[in-house]
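Student: First, the structure itself, so that you have it in front of you.
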Amino acid sequence: MNSREYRVENMIDPETQARPGQPAAQAMPEPQAPDFRIIGKATPRIDGAEIVTGRAKYTPDIKLRGMLIGKILRSPRAAAEIVSIDLAPALALPGVVTAMKLAEGVVRYAGQQVAAVAAVDERTADKALGLIKVEYKSLPFVVDWEKARDASAPQVRAGQPNVEEINTYARGDVEKGFAEADVVVERTYGTGFEIHHPTETHGSVALWEGDHLLVIDSTQAVHGVRDGLARALKVPAANITVIKTYMGGGFGSKLGVNEHTVAAAVLARQTGRPVKILLSRRDNAVCVGHRPSSLQTYKIGAKKDGTLTAIRLTNTASGGLNAGDEVAEPAVDIYACPNCRADEQTVYTNTGGSRATRAPGHTQGAFGLEGAMDELAAALDMDPLELRRKNYSTRNRGDTGLPYSMKRLDRCYDAGAKAIGWERRNRKPGGGVAKGPWRRGMGVATSIWWGAGAPGTLADIVLYPDMSVEVICGTQDIGTGTRTHMAVVAAETLGLAPNEITVKLGNSDYPWAPNSGGSQTTPSVAPAVRDAALKAVERLKAAAAARLKVDAGDVVMAERKFSSKADPSRSVAFADVYRDLRRETVFHGERGGMPMDAFAFNTFGAHFAEVEVNVETGRIRVLKYAAAQDSGQIINKLTAESQVIGGITQGLSAGLFEERVMDDTTGNPVNPNLRDYKIATSLDIPEITAIFVDAYDPRANNLGTKGLGEPVRIPSSAAVANAVYNAIGVHVREIPMTPKRVLEALKRKEAAS
Ligand code: MOS
């Protein structure tokens, strides 16, 4: 066992609700959010017009004088020794400026970079790639993880086994828990390989100005890419600037520095010219990550009344050349259960490495756990929502860990059930009303995620005497609306309107902010902006006090004036106070810490789906969807709703259509494009109702706000699968739930009856 082990002596005292040596969990009075003027309301994106009119510049739009186009040659073989690479024929082609080798020794997946060229235009670069002569000596490979488990399978990584050691989490005693159970269910669920496929593929432009490297990159992490480039190129981080302009999504595939970005920087150094490398849609499907697969078996025991006594999970995950995701968190955390054990294992294969994909691990885990909970509810003859409420936890680690800083999942259950009309649901799975071959059903699923934000995030506010205001933060807007959130928080605090704020972000020379992953951007950046803005207000109040000849503490700010508290008729207009600053004035803000040793900071959600299933064709139609989220204080209702709709769209798409398929005779994917890799279209997406429960969490940060981007993705495939189960009476335990799998499940049901 490893450090994740949790011992039975750490369990809570049922009387005091405390762990040994801990005070009893304190009930917190209902925190009251300040009476916000703009925060929490619907604010249109400040850059909306720029984006929809095409004026916003994305990395592919960047054109610099003398810029070369870089292209990367990739291995068509899944495993091979590279005998030789001959660049000479490519270099001889007019218009080719440079070429270089990127691989030596062996390649381990089809798509691995082998060589690169830089040429005056795209056509020439493409042609040059075809002229590079590579001699490969094929090696045995394995791309199917079930085959890779076999002792006789080709070794994927030099000198290391294909199957990693088991990683175990345990608390209590699961065997004892099963002995105490009245009902035990054991079921296996599978999730496939999902590709991120952001609208904008990866791309980088690199340019050297003397010793200084400037990179314009489509990235979720300007600071992370800067640091990664510094390490890869052995250049001081201070000599590198990474800029992200506008961006069409990432979903985890754009965290950290990419190989092609390093290649662009090296080609630019060799040629003394700017170099742009854009990845093709195929590259995007092959070499910049995917969600690992999982095969999860849950054994869950419960008393007759639904009280859980034990949860046992075993999972095998495959992430190609990277580790798979651990999927246990939902099983470990969501429900109160004293006995829990999870054993997880990774299997390596000769495919491109996985990467974090919107709520890594939790998404897969929620599909398995929440499916098993519904099958348990059926075995207990209990309402699945009731079963979830019955096992509600107020502390993490299934009620054996820290109390939550705030948890409003109960309100999510109430609000979501109301919005979908849960009372209309079939009482028993398979009781779906027949209308020809169509059956109807409803399902629910729960999410837990982190996302309280990163302490130490910095932001500056600059006030100018002409009353213009600048907010500067080295974060990035990856499409979520971060620019607007920064403007909203600054405007709220300074008594201005969002469109009066100039926002600067997406530059690693700006004050530090974390990567845009883990749903941490808003709860990191917004509190830092708030902090800077509060300091700016103090300064403005002091300036106003001097004019009004009162103490700064006696100045109030409202309606674009500062007034004397004692005599509101005495006031001074914003414009005059700003003018008194005489020069631009900078205020530094920082997102503070949180009491991590006293509380668990999490986000929650409950999703409800209503579906129709055709029992003759196996087709699933999602009719209606309601998502209730506890993500703390919402900063902008409009962009928050967009996150909910986007995350659910992605979840429905993964649940119904998406799957990378490998050809195990060639070791290449058969669907590395958007024609053969199916994703949902607008016609597949139902009406989605987004609900944000009041969950202002002052323990998290000065705005009580938490993340939303990943929470909305987590339970969506599970909610649909549970609705399908409710409709047809048999659980489709594998995603995507293709018509074939639905029909197979129906056959299984027939065979069983
Ligand atoms: Mo996210 S998968 O942390 O971008």
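Student: Are any residues in the range 244-256 buried (at least 20 other Cβ atoms within 10 Å of the Cβ) and more than 15 Å from the ligand (Cβ to nearest atom), and if so, which ones?
Tutor: Passing the criteria: only Tyr246.
Student: Return only the number of the condition from (1) among the hydrophobic types (A, V, I, L, M, F, W, C); (2) open to solvent by less than 10 Å² (accessible area, probe 1.4 Å); (3) within 16 Å of the ligand (Cβ to nearest atom); (4) in contact with a strand residue (DSSP E or B) (Cβ under 7 Å, 6 or more places away or on another chain) that Val288 does not satisfy.
Tutor: (4)
Student: Kindly indicate whether any position in the range 501-516 is open to solvent by less than 30 Å² (accessible area, probe 1.4 Å), within 16 Å of the ligand (Cβ to nearest atom) and of a type in the set (A, V, I, L, M).
Tutor: Checked the range 501-516: at least one residue is open to solvent by less than 30 Å² (accessible area, probe 1.4 Å), within 16 Å of the ligand (Cβ to nearest atom) and of a type in the set (A, V, I, L, M).
Student: If Val488 passes every condition in (1) crowded, with 24+ Cβ neighbours inside 10 Å; (2) within 16 Å of the ligand (Cβ to nearest atom) but one, which one does it miss?
Tutor: So Val488 meets the others, but not (2).
Student: Which numbered condition in (1) open to solvent by 10 Å² or more (accessible area, probe 1.4 Å); (2) more than 22 Å from the chain's Cα centre (by Cα); (3) closer than 26 Å to Ile311 by Cα is the only one that Leu214 fails?
Tutor: Leu214 satisfies all of (1) open to solvent by 10 Å² or more (accessible area, probe 1.4 Å); (2) more than 22 Å from the chain's Cα centre (by Cα); (3) closer than 26 Å to Ile311 by Cα except (3).
Student: Would you say Arg570 is of a type in the set (Lys, Arg), away from the ligand (no atom under 16 Å from the Cβ) and in contact (Cβ under 8 Å) with a residue 24 or more places away in the chain? Before the answer, list the steps.
Tutor: On the way: of a type in the set (Lys, Arg): yes; away from the ligand (no atom under 16 Å from the Cβ): yes; in contact (Cβ under 8 Å) with a residue 24 or more places away in the chain: no.
No.
Student: Okay, moving on. Please name all residue pairs, on different chains or six or more residues apart, with Cβ atoms under 7 Å, provided the first residue is in the range 156-171 and is open to solvent by 30 Å² or more (accessible area, probe 1.4 Å) and the second residue is of a type in the set (Val, Ile, Thr).
Tutor: Val163/Val347; Glu164/Thr346
Student: Do we have any residue at all in the range 441-450 that's open to solvent by 10 Å² or more (accessible area, probe 1.4 Å) and over 30 Å from Glu375 (Cβ atoms)?
Tutor: no
Student: At pLDDT 95 or above, under 42 Å from the mean Cα position of the chain (by Cα) and either within 20 Å of Ile634 (Cα to Cα) or not in a helix (DSSP H, G or I) (or both): does that describe Ala536?
Tutor: Working: at pLDDT 95 or above: yes; under 42 Å from the mean Cα position of the chain (by Cα): yes; either within 20 Å of Ile634 (Cα to Cα) or not in a helix (DSSP H, G or I) (or both): no.
Criteria not met by Ala536.
Student: Of all residues being open to solvent by 10 Å² or more (accessible area, probe 1.4 Å) and touching a helix residue (DSSP H, G or I) at 6+ places or on another chain (Cβ under 8 Å) in the range 257-268, which is farthest from the ligand (Cβ to nearest atom)? Just the residue, please.
Tutor: First, the residues of the range 257-268 that are open to solvent by 10 Å² or more (accessible area, probe 1.4 Å): 257, 259, 262, 266.
Restricting the remaining residues to those that are touching a helix residue (DSSP H, G or I) at 6+ places or on another chain (Cβ under 8 Å) gives 257, 262, 266.
Values: Val257: 15, Val262: 21, Val266: 27 Å.
The extreme case among them is Val266.
Student: Check Ala323 against each of (1) open to solvent by 20 Å² or more (accessible area, probe 1.4 Å); (2) touching a Pro at 6+ places or on another chain (Cβ under 7 Å) and name the one condition it does not meet.
Tutor: Only one criterion is unmet by Ala323, namely (2).
Student: Which residues, counting only those in the range 709-753, are open to solvent by less than 10 Å² (accessible area, probe 1.4 Å) and free of Cβ contacts under 8 Å to residues at least 24 places away in the same chain?
Tutor: Val732, Ala745
Student: May I pose another question? Mind listing whichever residues of the range 453-476 are open to solvent by 10 Å² or more (accessible area, probe 1.4 Å) and assigned to a loop (DSSP other than H, G, I, E, B)?
Tutor: Gly453, Ala454, Pro455, Gly456, Tyr464, Pro465, Asp466, Met467, Ser468
Student: Follow-up. I'd like the residue in the range 217-232 that is open to solvent by less than 20 Å² (accessible area, probe 1.4 Å) and within 15 Å of Ile277 (Cβ to Cβ) and, out of all such residues, is farthest from the ligand (Cβ to nearest atom).
Tutor: Filtering the range 217-232 for residues open to solvent by less than 20 Å² (accessible area, probe 1.4 Å) gives 217-223, 225, 228-230.
Among the residues that remain, those that are also within 15 Å of Ile277 (Cβ to Cβ) are: 217-219, 225, 229.
On the way: Asp217: 15, Ser218: 13, Thr219: 11, Val225: 14, Leu229: 19 Å.
That would be Leu229.
Student: For the range 664-691, which positions are out of contact with any helix residue (DSSP H, G or I) (no Cβ under 9 Å at 6 or more places or on another chain), in contact (Cβ under 8 Å) with a residue 24 or more places away in the chain and open to solvent by 40 Å² or more (accessible area, probe 1.4 Å)?
Tutor: Thr666, Glu687
Student: What number of residues within the range 348-381 satisfy the criterion of being of a type in the set (A, V, I, L, M), closer than 16 Å to Val730 by Cα and either open to solvent by 10 Å² or more (accessible area, probe 1.4 Å) or within 16 Å of the ligand (Cβ to nearest atom) (or both)?
Tutor: Number of matching residues: 3.
Student: Working only within the range 633-664, note down all residues that are over 18 Å from Thr603 (Cα atoms), part of a helix (DSSP H, G or I) and β-branched (Val, Ile, Thr).
Tutor: Across the range 633-664, the qualifying residue is only Thr649.
The values are calculated or read from the model by the stated rules, or taken from the named source; none is laboratory data. The shown structure was predicted, so the numbers you read here are calculated from the model rather than taken from an experiment. We place every Cβ from the backbone using ideal geometry, glycine too, and count neighbours over all the protein chains shown. Please note that ligands, DNA and RNA were not included when accessible areas were found on the heavy atoms of the full protein model with its side chains. Shrake-Rupley method; radii C 1.70, N 1.55, O 1.52, S 1.80 Å.
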